[in-house]
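Asks: Before I ask anything, here is the structure I am working with.
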Amino acid sequence: MPKSIKSLFLTTLGKLVTTGLITALVVIYVSQVTHLHAAESKHFLWSVETPQNQVYFLGSIHVLSADDYPLPQVMNDAFNQADNVVFELNINDLESLESQAIMLEIATPPDGKTLLDLISDETYHLVQKTMEKLQYPIQIFTNFKPWFVSMSLMSLQLQNLGFDPLYGVDRYFFEQAIAQDKTIMSLETMRDQLKIFDSLSWEQQDEMLRQTLQEIDTLEDSFQQMLQAWKSGDKQTLEDLIITGFKDYPELGNRLFRDRHVKWMTEIQNFLQDDKNYLVVVGAGHLVGEDGIVQMLRDQGYSVQQQ
């Protein structure tokens, strides 16, 4: 691939893959839940009030469409009350040359290997069929690792369905924070996120890619189910989706959620001891479950209220 084309490709996929990273992966692994739990007019927003400040935790869907706006007023109210706004990543960094270099470094196979060297013939055949169906040349993925191909295909398919990281909840509030000159902070770096997937064995990456290819045609139904749960504040359904989806992949689930939450809690404790108000915007899946941020806060004695 010519250098100029590869640069453009990495810039585009950097925004798609990294901002929609966990959303896309959760959709790959979720199983169908036959019904939604009854919600009580709540939103995917929680708050902790301390003697000195208010800290809000907003569950983000990283890819949405224009039709999903405006967002509920309660989310905008939380943003307006916040002095500091915290995201998983600094979204502005995703388009930098440095980020492109990091993406290329981590996503490129070692020792001159290609995608064909790293996956089974069965998986490679599925890649070929899927690329033909999506009308993308397979050559664009030849020099990338299986996990990156998996995430890229899922992210591109979400965009084909009309869901775009440009309309993500995190992107929306990031741009609002810049416009209103609020302090912007981040919990981790792009390298941190990408290393989660790069630590998977070749066999695990092959399995991940194969499952993506086998389920890509049902992506819209799975994502709509997640989206409906988010819109109705149905934390139990989203929790059921995630727990069910990752029950056969506990190691990956722990890397994506529990291990990161433990690291994030150190920073969150600092936010709760400050005299400034905070809005913490993270993927919705990070706020549910027994290893989620909300439960971790409750385990430490905080009163956490869903809005």
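The values are calculated or read from the model by the stated rules, or taken from the named source; none is laboratory data. This one's a predicted model, so the numbers in the text were calculated from it and none came from an experiment. Glycine gets a Cβ as well: all are built from the backbone with ideal geometry, and neighbour counts include every protein chain shown. For the accessible areas, the whole protein counts, side chains as well, though only heavy atoms, and no ligand, DNA or RNA atoms are used. Shrake-Rupley method; radii C 1.70, N 1.55, O 1.52, S 1.80 Å.
Asks: Among 261-270, 285-294, 298-307, what's the highest-first ranking by average C-beta atoms within 10 angstrom per residue?
Replies: Most protected by this proxy first, the peptides run 285-294, 261-270, 298-307.
Asks: Which of the following values of Cα Rg over 2.2 N^0.38 Å was calculated from the structure shown: (1) 1.18; (2) 1.10; (3) 0.99?
Replies: Only one option fits the structure, namely (3).
Asks: With an 8 Å Cα cut-off and a minimum separation of 6 or more residues, compute the relative contact order for region 137-264 in percent.
Replies: 32
Asks: Under the classification rounded if a/c is under 1.5, otherwise prolate if a/b is larger than b/c and oblate if not, where does region 172-236 fall, given a ≥ b ≥ c as square roots of the Cα gyration tensor eigenvalues?
Replies: Oblate shape, in that a/c is at least 1.5 and b/c is the bigger or equal ratio.
Asks: Here is a follow-up. Of all accessible surface on the chain at a 1.4 Å probe, what whole percent is carbon and sulfur?
Replies: Values: 6260 of 13570 Å².
That fraction is 46 percent.
Asks: Let me ask you something else. Which value at 222 nm does the chain reach when only helices count, each DSSP H run of 4 or more adding -39,500 (n - 2.57), with the total divided by all residues and rounded to the nearest 500 deg cm²/dmol? Could you put the intermediate results ahead of the total?
Replies: Numbers: 15 runs with 163 residues, N = 307.
Here the helix-only value at 222 nm equals -16000 deg cm²/dmol.
Asks: Now a separate question. If the elastic network links every pair of Cα atoms under 10 Å, which of 83, 240, 248 fluctuates the most in the Gaussian network model of the chain?
Replies: So, out of 83, 240, 248, the one fluctuating most is 248.
Asks: Can you find, among 163, 243, 59, the residue farthest towards the positive end of the dipole of the chain? Put +1 on the C-beta of Lys and Arg, -1 on that of Asp and Glu.
Replies: 163
Asks: Within 15 Å, Cβ to Cβ, of residue 157, how many net charges do the neighbouring residues add up to if Lys/Arg are +1 and Asp/Glu are -1? If you can, show how the numbers build up before the last one.
Replies: Details: positive: 129, 133; negative: 132, 164, 215, 217, 220, 221.
Taking every Cβ under 15 Å from that of residue 157, the sum is -4.
Asks: With contacts defined as alpha carbon pairs under 8 Å and 6 or more residues apart, what's the relative contact order of the chain in percent? It would help to have the intermediate numbers written out before the result.
Replies: On the way: 442 pairs, mean separation 120.4, N = 307.
This gives 39 percent for the chain.
Asks: Rounded to the nearest 10 Å², what accessible area does residue 183 have for a 1.4 Å probe in the complete protein model?
Replies: Estimated to the nearest 10 Å², residue 183 gives 70 Å².
Asks: Can you give the extra length, in nm with one decimal, that the chain gains between residue 134 and residue 180 once fully stretched, where that is 0.36 nm per residue apart less the Cα-Cα distance?
Replies: Working: separation 46, 0.36 × 46 = 16.56 nm, distance 3.98 nm.
Gain on stretching residue 134 to residue 180: 12.6 nm.
Asks: Let me ask another. Please compute the contact order of region 42-137 in relative form: average sequence separation of alpha-carbon pairs under 8 Å and at least six residues apart, divided by the residue count, as a percent.
Replies: Over region 42-137, the number comes to 12 percent.
Asks: Rank these by accessible area, largest first, 1.4 Å probe: 95, 239.
Replies: 95, 239
Asks: Say R0 is 45 Å: what FRET efficiency, to the nearest 0.05, do residue 125 and residue 67 get from their beta-carbon distance?
Replies: Using R0 = 45 Å, I get an efficiency of 0.80.
Asks: Once you have a ≥ b ≥ c as the square roots of the Cα gyration tensor eigenvalues for region 116-232, tell me rounded if a/c is under 1.5, and otherwise prolate or oblate according to whether a/b is larger than b/c.
Replies: Since a/c reaches 1.5 and a/b is larger than b/c, the shape of region 116-232 is classed as prolate.
Asks: Under a 10 Å cutoff between Cα atoms, tell me which one of 284, 177, 101 has the largest fluctuation in the Gaussian network model of the chain.
Replies: 101
Asks: Please calculate how many Å² of accessible area the chain carries per residue, with a 1.4 Å probe and no DNA, RNA or ligand atoms counted.
Replies: Details: 13570 Å² over 307 residues.
Here the residues of the chain average 44 Å² of exposed surface.
Asks: What number comes out for the charge environment of residue 289, summing +1 per Lys or Arg and -1 per Asp or Glu over other residues with Cβ under 11 Å away?
Replies: Net charge in that neighbourhood comes out at -2.
Asks: Around residue 61, under 14 Å between beta carbons, what's the net of Lys plus Arg minus Asp minus Glu among the other residues?
Replies: Result for the neighbourhood of residue 61: -3.
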